[in-house]
Amino acid sequence: MERKSVLIVDDSSLARMMVRKIFATRFPDWNLVEAKDGEEALSLTSDEVLLALVDFNMPGMNGIELAEKLMERNPRLLVYLVTANIQERMHQRAESMGIGFIKKPIAENKIAEILKSFV
Amino acid sequence: MVHAGLRGQALMEYFSTFGEKYSWLDGIKGSKGRMFDEASQQALMQEFFSENREALDRIERGLLQLETAPESRDLLNSVFRDMHTVKGNCRMMGFERLEELTHTAESLLDVMRDGRVVIDVLIGNQLLSVLDTVRRTLEEIERSGSEGEADFSALIQQLERLQQRQGANISMEHDEGDTPEVVRVSSPGALFDEATQRGEGDAATGKLDSIRLSIERLDGLMSLVGELGATFNQVKYALARNASQLDQVLENLGQQIQTLQGEVLQYRLQPIGRILDTYHRLVRDLAVETKKKVVLDLVGEETEVDRNVLISIKEVLGHLIRNAVDHGIETPEDRVAHGKSPVGRVRLLAEQKQGQIYLEITDDGRGIDVARVRLKALERGLITHEQAGEMAEAELMRLIMAPGFSTADHVSKISGRGTGMDVVQAAIDKLGGSVAISSQIGQGSRFRLRIPQTMAIVPVLLVTAAGETFAVPQVNIVELVSYHGAEIAGHVEGKMRAPMVRVRERLHPMVALREAVAHPSQATQRVRSVEQILAEPALHVVVLQSEERLFALDVDDIKEPANLVIKPVNRIFADIPILAGTAVMPDGSVSFLLSVTELIK
């Protein structure tokens, strides 16, 4: 079976590293694709990517703008916005697009919960 | 820039050679890193230090540059983002006090990013001292593994106070004692803007019934009124002693009144963004309920509209947006099946052109099926078969705005409730506006609304019919034409009850104002026969545009243009749809503003 991929987009290298460690320790059968901003994410994403965990505040396009582009390329992609705090209108905007939310910093059990839907 | 992934890897190797240095890592309380083995923990800490230091250095450079370019959006955004990263990192590694400090700094930067507070020396200094404090604490963490005992509360309080300056502008008189520093606001009008922004909660619930004015603006009004008083004295003097000056003095008086009028009207104008913001919530709720994916784009939020107009269009726009999501946007599955993005797009654009506000609601959904509209209209008896064959696409599309029409096969919970788009049409008519619909099957629909920016003063052309004066809104006028004597016969043709006038090789149907006034409720009797027209020495027509249609209003005489203060129609005339409002004329008499859309119905 082909390895499932998850796309991590965050301009903080520490945040990416943290998620990488979580996946390496707990969910090693997932393949990680990392990007530091939206532009890089769009150049890396492929059909194998089933899940995207996207930071909101990034240089260039923000997380919601990226999510829309990613969903356009891959309609089945599940996108979660990873944020500590977000303006109400941005929250509503994301929800209206069917984007989920993960509170930052990412907790292991939240990821486990989301990954269940791919079993 | 070094790729962060590689850097992490390199740092882990680097770290392994320094072994014991970070043994305290095990002891970090509340560190979220505890879930990993020691090597990973240490690698994370290394990344924490290096990324934070880089970000802090960038913030420092940015702040220094901001002092010379305080309005630079790009700089502010990048400083904000870096502070956000530092905060996120502190939170991730469980350093709660640093998180609180950097969070407060981030909030202040956020307010600055919005332009509500502009950087000055004091703010710059405080933010720089945040950097120093964070750097010192990072060193402390590196040394001991904990944030140490240093107290950040004073610094946090100062940052909070700076941030609150924006909200405190209105009550600055009270604060001046303890915060003597000058608050630099983005524009002279900012005081006013602040006051209205604070009422945002009210705006959401539609309470747009009061405004706050800065003392400065009120003083401006007072001085205008003072000038009026002085000019009034000049008028009195000229009348009593020096009549030759009267013309000049009256002209001054007229100008001053116009200035005052313009000034007061300005205060009635509000940025439309105040009501648009609430639609994000609406779209979110609709999307969740219908299981659709929708993104709402707002363009032109700064467009200013009279607050009365604002109140009236709030619901109209809500209705149109609701309609776009409910009837326009397809389900994500349908969209993908048709080669579209799963995410539908609804765009609301507001713009101002020559005293008119244009509002456009565009969606990239399934579009309006004209064939189905025709069918439905026939079923409902809104049109006859004969009419259905003759109607152009644009006309057929308009039928969705007719009372009793609903294209949805079932009345949905959202758009339904038995009220259709006719509510929209009625509200726009009441505002003296119009709506144009265009749509492409499979591509989406566009509703373009035109409404006057302010309802208070309308530029009109005065015309007469049956001895009365009427006002025609300038915005509908295409051109004015008069024909005399034998000329008339060359331009008028048509059957007995349907005379047409040829203007520049184009035939326009005619509506005789004289007849329309005599039979206000009978649309069929609004014409004069060709014989009647030819019997008179002159024919004066005003070519008018009503939505997609052009027609010629046949009047007894064309008078001068004017700017009139329009009031609602008196109750006695409220049943006469061709009358849109009343205005007091220079001689004290009352004239009626005509509704152009009603004249051609």
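The values are calculated or read from the model by the stated rules, or taken from the named source; none is laboratory data. Keep in mind that this is a model prediction, so the values were computed, not measured. As a convention, Cβ positions derive from the backbone with ideal geometry for all residues, glycine included, and neighbour counts pool all protein chains shown.
Tabulated data for the structure shown
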{"quantity": "Lone qualifier among B:Q545, B:Q532 - being of a type in the set (S, T, N, Q) and either in the same structural domain as B:M391 (by TED's automatic domain parsing) or part of a strand (DSSP E or B) (or both)", "calculated": "B:Q545"}
{"quantity": "So B:E515, is it of a type in the set (D, E) and farther than 24 Å from B:L396 by Cα", "calculated": "yes"}
{"quantity": "Unmet criterion (only one of (1) assigned to a helix (DSSP H, G or I); (2) farther than 22 Å from B:F80 by Cα; (3) under 13 Å from the mean Cα position of the chain (by Cα)) for A:Q92", "calculated": "(3)"}
{"quantity": "Filtered residues of the stretch B:46-61 (kept if more than 9 Å from chain A (Cβ to nearest Cβ) and surrounded by 23 or more Cβ atoms within 10 Å (Cβ to Cβ))", "calculated": "B:I59"}
{"quantity": "Among residues of the stretch B:97-120, those that are more than 13 Å from chain A (Cβ to nearest Cβ) and either assigned to a loop (DSSP other than H, G, I, E, B) or touching a strand residue (DSSP E or B) at 6+ places or on another chain (Cβ under 8 Å) (or both), counted", "calculated": "6"}
{"quantity": "Subset tally (residues that are buried (at least 18 other Cβ atoms within 10 Å of the Cβ) and outside any strand (DSSP E or B)) for the stretch B:295-311", "calculated": "5"}
{"quantity": "Residues located in the stretch B:316-337, provided they are part of a helix (DSSP H, G or I) and either of a type in the set (D, E) or within 20 Å of B:L431 (Cβ to Cβ) (or both)", "calculated": "B:V316, B:L317, B:G318, B:H319, B:L320, B:I321, B:R322, B:N323, B:D326, B:E333, B:D334"}
{"quantity": "Qualifying residues in the stretch A:100-119 (those that are in a loop (DSSP other than H, G, I, E, B) and more than 9 Å from chain B (Cβ to nearest Cβ)) - the one farthest from A:L14 (Cα to Cα)", "calculated": "A:V119"}
{"quantity": "Unmet criterion (only one of (1) away from every other protein chain (no Cβ under 11 Å); (2) touching a helix residue (DSSP H, G or I) at 6+ places or on another chain (Cβ under 9 Å); (3) farther than 27 Å from A:G60 by Cβ) for B:G94", "calculated": "(1)"}
{"quantity": "Residue selected from the stretch B:326-344 under the condition of a type outside the set (G, A, S) and touching a residue at least 60 places away in the same chain (Cβ under 8 Å), by the criterion surrounded by the most Cβ atoms within 10 Å (Cβ to Cβ)", "calculated": "B:H327"}
{"quantity": "Flag for B:Q234 being part of a helix (DSSP H, G or I) and either free of Cβ contacts under 8 Å to residues at least 12 places away in the same chain or under 19 Å from B:D364 (Cα atoms) (or both)", "calculated": "no"}
{"quantity": "Selection count, the stretch B:147-169, where residues are aliphatic (A, V, I, L, M), out of contact with any Asp or Glu (no Cβ under 9 Å at 6 or more places or on another chain) and not in a helix (DSSP H, G or I)", "calculated": "0"}
{"quantity": "The one condition in (1) touching a residue at least 60 places away in the same chain (Cβ under 8 Å); (2) within 9 Å of chain B (Cβ to nearest Cβ); (3) surrounded by 15 or more Cβ atoms within 10 Å (Cβ to Cβ) that A:M97 fails to fulfil", "calculated": "(1)"}
{"quantity": "Test: residue in the stretch B:137-146 that is in a helix (DSSP H, G or I) and touching a Gly at 6+ places or on another chain (Cβ under 6 Å)", "calculated": "yes"}
{"quantity": "The stretch B:420-436 - residue that is modelled with pLDDT of 80 or more and small (G, A, S) and, of those, nearest to B:I357 (Cα to Cα)", "calculated": "B:G433"}
{"quantity": "B:H385 vs. criteria assigned by TED's automatic domain parsing to the domain that holds B:D297 and under 20 Å from B:L449 (Cβ atoms)", "calculated": "no"}
{"quantity": "Given (1) β-branched (V, I, T); (2) buried (at least 23 other Cβ atoms within 10 Å of the Cβ); (3) not in a helix (DSSP H, G or I), index of the condition B:T362 fails", "calculated": "(2)"}
{"quantity": "Filtered residues of the stretch B:466-499 (kept if exposed (fewer than 15 other Cβ atoms within 10 Å of the Cβ), modelled with pLDDT under 90 and assigned to a strand (DSSP E or B))", "calculated": "B:E493, B:K495, B:A498"}
{"quantity": "Tally of residues being among the basic types (K, R) and buried (at least 24 other Cβ atoms within 10 Å of the Cβ) across the stretch B:83-100", "calculated": "1"}
{"quantity": "Positions within the stretch A:37-62 being crowded, with 18+ Cβ neighbours inside 10 Å, more than 12 Å from chain B (Cβ to nearest Cβ) and either at pLDDT 90 or above or out of contact with any helix residue (DSSP H, G or I) (no Cβ under 7 Å at 6 or more places or on another chain) (or both), in sequence order", "calculated": "A:G38, A:A41, A:V49, A:L51, A:A52, A:L53, A:V54"}
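Residue-wise test of (1) on the phi > 0 side of the Ramachandran plot; (2) more than 14 Å from chain A (Cβ to nearest Cβ); (3) not aliphatic (A, V, I, L, M).
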{"position": "B:Q266", "(1), (2), (3)": "no, yes, yes"}
{"position": "B:L276", "(1), (2), (3)": "no, no, no"}
{"position": "B:L286", "(1), (2), (3)": "no, no, no"}
{"position": "B:L298", "(1), (2), (3)": "no, no, no"}
{"position": "B:I311", "(1), (2), (3)": "no, yes, no"}
